[in-house]
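Novice: My structure is below; once you've seen it, I'll send some questions.
The values are calculated or read from the model by the stated rules, or taken from the named source; none is laboratory data. Since the structure is predicted, the reported quantities are computational estimates derived from the model, not experimental observations. Using ideal geometry, Cβ is built from the backbone for each residue, glycine included, and neighbour counts are taken over all protein chains shown. Remember, those area values only see protein heavy atoms, side chains included, never the ligands or the DNA or RNA. Shrake-Rupley method; radii C 1.70, N 1.55, O 1.52, S 1.80 Å.
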Amino acid sequence: MNDFKPPKGLVALLILFGFCFQKALAQKMRTKPNVIFILVDDQGYGDLGTFFQNQRAKEGKPYERTPYLDKLAASGAMLTQQYAAAPVCAPSRASLMLGVSQGHSNVRDNEFDRAIDSNYTMASTMRTLGYSTVAIGKWGLQGAKPWDKNGDEWFARPTNRGFDSFFGYMRHMDGHEHYPKEAIYYKEGQVELWDKGKNITPELDKCYTADLWTAYAKKWIISHQEGEGKDKPFFMYLAYETPHAVLELPTQAYPAGGGLHGGMQWLGTPGHMITTASGMPDSYVNPDYAHATYDDDDNPATPEVPWPATFKRYATANRRLDFAVGDLVQLLKDLKIDDNTIIIYTSDNGPSIESYLPTGYIANHPTFFGSYGPFDGIKRDDWEGGVRMPTIAVWPGHIPAGKVDKTPSISFDWIPTFIDAASGMPAPERLDGVSLLPQLTGKGSQRTSLIYNEYFFPGRTPKFKEFAANHRGRKMFQMQMLRVGDFVGVRYDIKAASDSFEIYNVVKDPQQTNNLALKPQTIISSATRRAINIKGIKNVGDLQAYFHARVMQVRRPEKWAPRPYDNTLVPAVKAKVTSGVNWKIFKGSYPWLPQVATLKALSEGHSTSPNVHLVKMKNNVLFYCDGYIDVPRDGEYTFYLNADADN
């Protein structure tokens, strides 16, 4: 059943996914890679050395060091054009887990702790493909309502959404504190950290969470490789909540070595769970930053001054993540599974201005390190700095080392990518994402990613002097963003569906200073039109019209996140049509109704209506139809598809 509002007299596209005659899952025989998905919290595109900080170092500006992440990027691909699904935590993670855009996710805006749909998830699809699955770190997608603290109503715990086990923070707010037992800066009562359904916070003396997640992840991998399930591949979702929220420091230096016998280790003793559970919490500044100085007045004739403590803390938190990644990579090498493990590293949204530090610390402005990179915007912004992510993808022997991937993509593309890597099968049709394997490996034809988000926040873009004048202090409220080729259409403070998009070529103009929409008659070059591959677009005005239509076609209203364009008619598809439907028959066995765009049809044709009797085989076949409906008048329509079989 599908409700939508097509306008009068136009032709609306209808796709009928039909009759999948199969009951057994028969996967291709292949060596399935392990997958480790590392998601960090509020780390900006510009916070990694190889993405931006190394450039700052050459310019003599304050900079952060991330040598292990730089090494990881060199061993695989840097995705310099990848986006988060939303500019803030909960909706970004929901779309990531569900594989759908913010136009289709049931968690949008600032709905922290709201349960994600009981549908296909990153974990459930991998478990269907024979994977052991584990979630470690921050969740925040579990409850009956936003900010749900009632554990009895957490029906979307990770273990109810495809994960075999979970170790971490269930509630969003708990992820604001990085010492669960001491809760040094926490103002919301007791922090709860869960392991196998039990709150183990009382046992976690002096456990800095970045260290805790790393130690547990290493322990889990070792146990998996040594246990009865060692012949099964694993999927690990490792969600660090640093450098997000309070800028707390570790207790001590990161342990030397790394991997199986060094680095961070799980000790398992209550009161001393991990290697670094000793000393003074919130005390250790990385030596690279402890005595760092900088030119605070842009005058080389005056003495440099020490970095403010706020930024020593921020840089130390990011460096701790760097050590953790290096430690995990070494473990994979020690266990001799590095060649068959995919590692993805990315962030959930742009850098934050939050620090939660007491009076006496200066504000946490991402301008100090340029954490937003060459863009404008921060967390909660739909400017590029709020949604462009520092993403790294590694799969030895498949993704070439040193690759810089400039093809636009988005976080909800990862589920189809992992399914493709594990089985060669297409993802469920329900998903908005596409597999990125073709662009990462250089093999096959890459489908175009849907890069879209919508978001509401009652705030303004900061008035940083480093930002372009047209961005400073901009009222956010209802926002929307869509990327097509090199062009991004973005709207702030939307009042109606008719509001114009600002249009920027974000490849040539990454800071988004030149609003092309101000000159709608500007001709788009033939080379650019070919790259966009959308009929009818000749100038910027045509692109504006396309943005208006497309953002309505790729979304559905969500009652928890009302928009000023929710009741706008959905523009129909313009096409030359003939009566009847086109049909295709695909051979194959799938555990879900698959995306057919990458499948080769066994046979195809045209008929007056969907006719299941065209299918002569009884098993392992998919029957697909598409066609058009002539909408007689404006209004709301509900479409039903009935079948007389249950297979």
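Novice: Quick check on my filter: what residues within region 219-236 are surrounded by 13 or more Cβ atoms within 10 Å (Cβ to Cβ) and among the small types (Gly, Ala, Ser)?
Specialist: 229
Table: residues versus (1) closer than 25 Å to residue 99 by Cα; (2) over 28 Å from the mean Cα position of the chain (by Cα).
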{"site": "506", "(1), (2)": "yes, no"}
{"site": "510", "(1), (2)": "no, no"}
{"site": "513", "(1), (2)": "no, no"}
{"site": "528", "(1), (2)": "no, no"}
{"site": "532", "(1), (2)": "yes, no"}
{"site": "539", "(1), (2)": "no, yes"}
{"site": "542", "(1), (2)": "no, yes"}
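Novice: For residues that are over 14 Å from residue 82 (Cβ atoms) and at pLDDT 95 or above, scanning just region 27-37, find the one that is surrounded by the fewest Cβ atoms within 10 Å (Cβ to Cβ). Quick ask: steps written out before the conclusion?
Specialist: Our first condition is that a residue be over 14 Å from residue 82 (Cβ atoms); within region 27-37, this holds for 27-36.
Checking which are at pLDDT 95 or above leaves us with 32-36.
Details: 32: 20, 33: 23, 34: 22, 35: 24, 36: 22.
Step by step, filter region 27-37, then rank; the result is 32.
Novice: State the number of residues belonging to region 272-289 that are open to solvent by less than 30 Å² (accessible area, probe 1.4 Å) and either assigned to a loop (DSSP other than H, G, I, E, B) or more than 30 Å from residue 336 (Cβ to Cβ) (or both). Let's see the steps before the verdict.
Specialist: Quick first cut of region 272-289, residues open to solvent by less than 30 Å² (accessible area, probe 1.4 Å) only: 273-274, 276-277, 281-282, 286, 289.
The next check asks that each one be either assigned to a loop (DSSP other than H, G, I, E, B) or more than 30 Å from residue 336 (Cβ to Cβ) (or both); those that pass are 276-277, 281-282, 286, 289.
Going through region 272-289 one residue at a time, the tally reaches 6.
Novice: Which condition from (1) closer than 22 Å to residue 125 by Cα; (2) open to solvent by less than 40 Å² (accessible area, probe 1.4 Å) is the one that residue 607 breaks?
Specialist: That leaves (1) as the condition not met.
Novice: Also, quick follow-up: Name the one entry in 50, 66 that is open to solvent by less than 10 Å² (accessible area, probe 1.4 Å), among the β-branched types (Val, Ile, Thr), more than 30 Å from residue 124 (Cα to Cα) and in contact with a helix residue (DSSP H, G or I) (Cβ under 7 Å, 6 or more places away or on another chain). Even if it seems obvious, please write down each step before you answer.
Specialist: Numbers: 50 fails: open to solvent by less than 10 Å² (accessible area, probe 1.4 Å).
None of the others qualify; the one that does is 66.
Novice: For residues that are of a type in the set (D, E, K, R) and open to solvent by 50 Å² or more (accessible area, probe 1.4 Å), scanning just region 182-199, find the one that is nearest to residue 165 (Cα to Cα).
Specialist: To start, the set of residues in region 182-199 that are of a type in the set (D, E, K, R) comprises 182, 187-188, 192, 195-196, 198.
This time we only want the ones that are open to solvent by 50 Å² or more (accessible area, probe 1.4 Å), so: 182, 187-188, 196, 198.
Numbers: 182: 25, 187: 29, 188: 26, 196: 7, 198: 12 Å.
Once the filter is applied, the top-ranked residue is 196.
Novice: For region 506-560, which residues satisfy the criterion of being in a helix (DSSP H, G or I), closer than 24 Å to residue 91 by Cα and not small (Gly, Ala, Ser)? First the steps, then the outcome.
Specialist: Initially, region 506-560 is screened for residues in a helix (DSSP H, G or I), giving 516-518, 526-532, 540-553.
Restricting the remaining residues to those that are closer than 24 Å to residue 91 by Cα gives 547-553.
Answer for region 506-560, where residues must be in a helix (DSSP H, G or I), closer than 24 Å to residue 91 by Cα and not small (Gly, Ala, Ser): 547, 548, 550, 551, 552, 553.
Novice: Across region 515-538, which residue is farthest from residue 449 (Cα to Cα) among those that are modelled with pLDDT of 95 or more and surrounded by 15 or more Cβ atoms within 10 Å (Cβ to Cβ)?
Specialist: So, considering only residues that are modelled with pLDDT of 95 or more and surrounded by 15 or more Cβ atoms within 10 Å (Cβ to Cβ), the one farthest from residue 449 (Cα to Cα) is 520.
Novice: If you don't mind, another one. Just checking, does region 133-149 include any residue being outside any loop (DSSP other than H, G, I, E, B) and open to solvent by 10 Å² or more (accessible area, probe 1.4 Å)?
Specialist: No, every residue in region 133-149 fails to be outside any loop (DSSP other than H, G, I, E, B) and open to solvent by 10 Å² or more (accessible area, probe 1.4 Å).
Novice: Right, next: Any idea how many residues of region 432-446 are under 22 Å from residue 481 (Cα atoms) and open to solvent by less than 10 Å² (accessible area, probe 1.4 Å)?
Specialist: Of the residues in region 432-446, 3 are under 22 Å from residue 481 (Cα atoms) and open to solvent by less than 10 Å² (accessible area, probe 1.4 Å).
Novice: So which of 563, 633, 556 is under 30 Å from residue 111 (Cβ atoms), open to solvent by 60 Å² or more (accessible area, probe 1.4 Å) and in contact (Cβ under 8 Å) with a residue 24 or more places away in the chain?
Specialist: Numbers: 563 fails: open to solvent by 60 Å² or more (accessible area, probe 1.4 Å); 633 fails: under 30 Å from residue 111 (Cβ atoms).
Matching residue, one of 563, 633, 556: 556.
Novice: What is the number of the single condition among (1) open to solvent by 30 Å² or more (accessible area, probe 1.4 Å); (2) modelled with pLDDT of 60 or more that residue 24 does not meet?
Specialist: Of (1) open to solvent by 30 Å² or more (accessible area, probe 1.4 Å); (2) modelled with pLDDT of 60 or more, only one is false for residue 24: (2).
Novice: Which pairs turn up if I take residues in region 433-444 that are closer than 11 Å to residue 409 by Cβ and look for partners that are open to solvent by 10 Å² or more (accessible area, probe 1.4 Å) and not in a loop (DSSP other than H, G, I, E, B) with beta carbon separation below 6 Å, at least 6 apart in sequence or on another chain?
Specialist: Close Cβ pairs satisfying both conditions: 435/420.
Novice: So for region 110-118 (the condition being over 14 Å from the mean Cα position of the chain (by Cα), in a loop (DSSP other than H, G, I, E, B), closer than 30 Å to residue 52 by Cβ and not hydroxyl-bearing (Ser, Thr, Tyr)), does at least one residue qualify?
Specialist: Keep residues of region 110-118 that are over 14 Å from the mean Cα position of the chain (by Cα), which gives 110-118.
In the following step, the residues that additionally are in a loop (DSSP other than H, G, I, E, B) were identified as 110-113, 115-118.
From what's left, closer than 30 Å to residue 52 by Cβ: 110, 112.
Next cut, not hydroxyl-bearing (Ser, Thr, Tyr) only: 110, 112.
Within region 110-118, one or more residues are over 14 Å from the mean Cα position of the chain (by Cα), in a loop (DSSP other than H, G, I, E, B), closer than 30 Å to residue 52 by Cβ and not hydroxyl-bearing (Ser, Thr, Tyr).
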